[in-house]
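Worksheet: one structure, shown below.
Every number in this text was worked out from the coordinates using simple rules, so none of it is lab data. Not measured: the values here are computed from a predicted model. Cβ atoms come from the backbone with ideal geometry, glycine included; neighbour counts cover every protein chain shown.
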Amino acid sequence: MENLETVVLGGGCFWCTEAVFDQVRGVQDVESGYSNGHTPNPTYEEVCSGTTGHAEVVRVVFDPAVIGLRQILQIFFAVHDPTTLNRQGADVGTQYRSGIYWTHPEQAVVANALIAELQAAGVFDAPIVTEVKPLANYHRAEDYHQAFFARHPFHGYCMAVAAPKVQKLRQVFAEWVR
C-alpha cells in the first residue's frame with residue numbers, strides 16, 4: 001500500500017466521477033467526498049447549499065506502477081467539461097466546480113502541464129477553468145453516496161448522466177478498463 005498515490009478530483013457530481021474511476025485498471029480505491037471548503041465536516045445538504053465552499057470530489061487511490069497520474073487526468077478531462085465554471089450539465093453551483101486537488105507538489109506540475117497541452121492543442125472550444133490546488137479540508141461523504149452508481153445503476157440521474165460517462169470511458173479508454 002505504501003507505493004500507492006492519491007489525487008482528489010472534482011468533476012461535477014461525485015456519483016458520476018466515482019462511477020468512472022471505479023472501473024479504471026490500477027485504481028485501488030475511489031471515495032466520494034467534499035474538499036477545499038471552509039466548513040469542517042460538512043454534510044451533503046450544507047455542501048449543496050453552496051455555503052461551505054466545498055467541491056464534490058472523489059479521492060482516487062491508484063498504483064502508479066499500473067497507471068500514471070497523467071492517464072488518470074486524461075480520463076478525468078475526457079469525462080467532464082473542464083470549461084464550465086461552477087457547472088456540469090444541469091448541476092450548477094461552486095460545489096460542482098472542476099478541480100484537481102493534489103496531495104504532493106509533483107501532481108500540480110503534471111496537472112498544469114497537461115492543461116497547457118490541452119489548451120495549446122485546442123481540444124476544447126473554451127478555456128479550461130479547472131482549478132489546481134493543494135488538497136484542503138477533505139471530508140468523506142455520507143455512506144449512502146459511496147458506490148452510488150454501482151448500487152443504483154437504474155436511478156434516473158445515473159442512467160442519464162453517469163452511464164454515458166462510463167460508456168465514454170469504455171469507448172475512448174478501453175485499454176484502461178478493468
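What is the order of Cys48, Cys13, fewest Cβ neighbours within 10 Å to most?
By the 10 Å Cβ count, ascending: Cys48, Cys13.
Nearest 0.05, what FRET efficiency do Glu117 and Asp143 give at R0 = 45 Å with Cβ-Cβ as r?
With a Förster radius of 45 Å, E is 0.75.
Given 0.36 nm per residue, what is the gain on full extension from Thr83 to Asp29 after removing their alpha carbon distance, in nm?
16.7 nm
Before rounding to the nearest 500, sum -39500 (n - 2.57) across all DSSP H runs of length at least 4 in the chain and divide by the residue total; then give [θ] at 222 nm in deg cm²/dmol.
-8500 deg cm²/dmol
Once the other residues with Cβ under 15 Å from the Cβ of His139 are scored (Lys, Arg +1; Asp, Glu -1), what is the net sum?
Overall, the nearby charge balance is -4.
When only C-alpha pairs under 8 Å and at least 6 residues apart count, what is the relative contact order of segment 20-124, in percent?
23
Roughly how compact is segment 5-176, stated as its Cα Rg over 2.2 N^0.38 Å to two decimals?
Rounded to two decimals, the normalised Rg is 0.95.
Listed highest first by mean packing, meaning other Cβ atoms within 10 Å per residue, what order do 117-123, 49-55 come in?
Descending packing order for the listed peptides: 49-55, 117-123.
Anything in the chain that counts as a DSSP H helix reaching 18 Å or more along its axis (C-alpha) with Kyte-Doolittle mean of at least 0.5? List them, would you?
Those that pass (Cα extent of 18 Å or more, hydropathy at least 0.5) are 105-121.
Have a look at His152, Val57, Phe77 and report the one farthest towards the positive end of the charge dipole of segment 49-178, computed about the Cα centre with Cβ charges (Lys/Arg +1, Asp/Glu -1).
His152
If you place +1 on the Cβ of every Lys and Arg, -1 on the Cβ of every Asp and Glu, and leave all else neutral, what size is the dipole of segment 5-176 about its Cα centre, to the nearest 20 Debye?
260
How much length is gained on full extension from Val177 to Arg151, taking 0.36 nm per residue of separation minus their Cα-Cα distance?
Residue separation times 0.36 nm, minus the Cα-Cα distance, leaves 7.5 nm.
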